[in-house]
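These notes concern the structure reproduced below.
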Amino acid sequence: MLKGNLVSKTANEIVLDVNGVGYSVFVTRKVRESLPETGNTVSVITYLDVKENSLMLFGFADEKEREIFKMLMSVSGISAKTAHIILTHASFEEIVGLISSKSAFASIKIPGIGPKKIEMISLALKDKIFKISSDFEEGVKPGTGGIQDNDMSRLEALNALMNLGYQRSDAERIIREVLKENQGEKLSTEDIIKKSLNHISRI
């Protein structure tokens, strides 16, 4: 869970100020439709997508959205960005409909997601989707929401380096190298920043 002051909002992205640190979060249609005016406090359930050359935060209105997002990403050829695009155009219930009934696709247009891709997603998730749907109906939470401590430390360190004037790509590369050098250790935000600056001084 990420909670902060809503600084700005666009069609699919918001910026939250969390204790003086700005976080860019890609949000779903359901989150977008429920956003207050800027300046108000907002809470979103989050997922941090970690790639070799990027860190992206995705925000969801509830656990159902977060779980369907993760489920979509488990399908071959569906990236975090593609899963997010689907959730900016369809709700949890609509996605269940798309997966269980091909005819439902006709009523929802998702950029870049054609009938063949829907069929692929349907084949991959048909058995799983009903389990997750029934789990939530029974009040079972398949997973826990929010950013893990180590992910939050990494994000805070990234923002700190960017505030010091480093380009995002350079800051991400430095942090990846620091974490690789200290693999297995639980590093705080301060630890990552100190080790990153020490790493830079050795370059």
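Rule-based calculations on the coordinates, nothing more; no lab input. Keep in mind that this is a model prediction, so the values were computed, not measured. Here Cβ is always computed from backbone atoms with ideal geometry, including for glycine, and neighbour counts include all displayed protein chains.
Couple of notes before you dig in:
- Among 18-24, 44-50, sorting by the average number of other beta carbon atoms lying within 10 angstrom of each residue, highest first, gives 44-50, 18-24.
- Mean Cβ neighbour count within 10 Å, used as a protection proxy, ranking 32-43, 185-196 highest first: 185-196, 32-43
- Here's the list of lysines a cross-link from K186 could span, going by alpha-carbon distance under 29 Å and ignoring same-chain residues fewer than 8 apart: K3, K51, K70, K81, K141, K194, K195.
- For region 2-60, the relative contact order comes to 34 percent (Cα pairs under 8 Å, sequence separation of at least 6).
- Net lengthening on full extension, K194/E177 (0.36 nm per residue, minus Cα-Cα): 4.8 nm
- Sites K116 and A11, calculated FRET efficiency, Cβ-Cβ separation with R0 30 Å, nearest 0.05: 0.70
- For region 2-60, the Stokes-Einstein estimate of translational diffusion at 10 °C and a viscosity of 1.306 mPa s comes to 139 µm²/s, using the Kirkwood hydrodynamic radius over alpha-carbon pairs.
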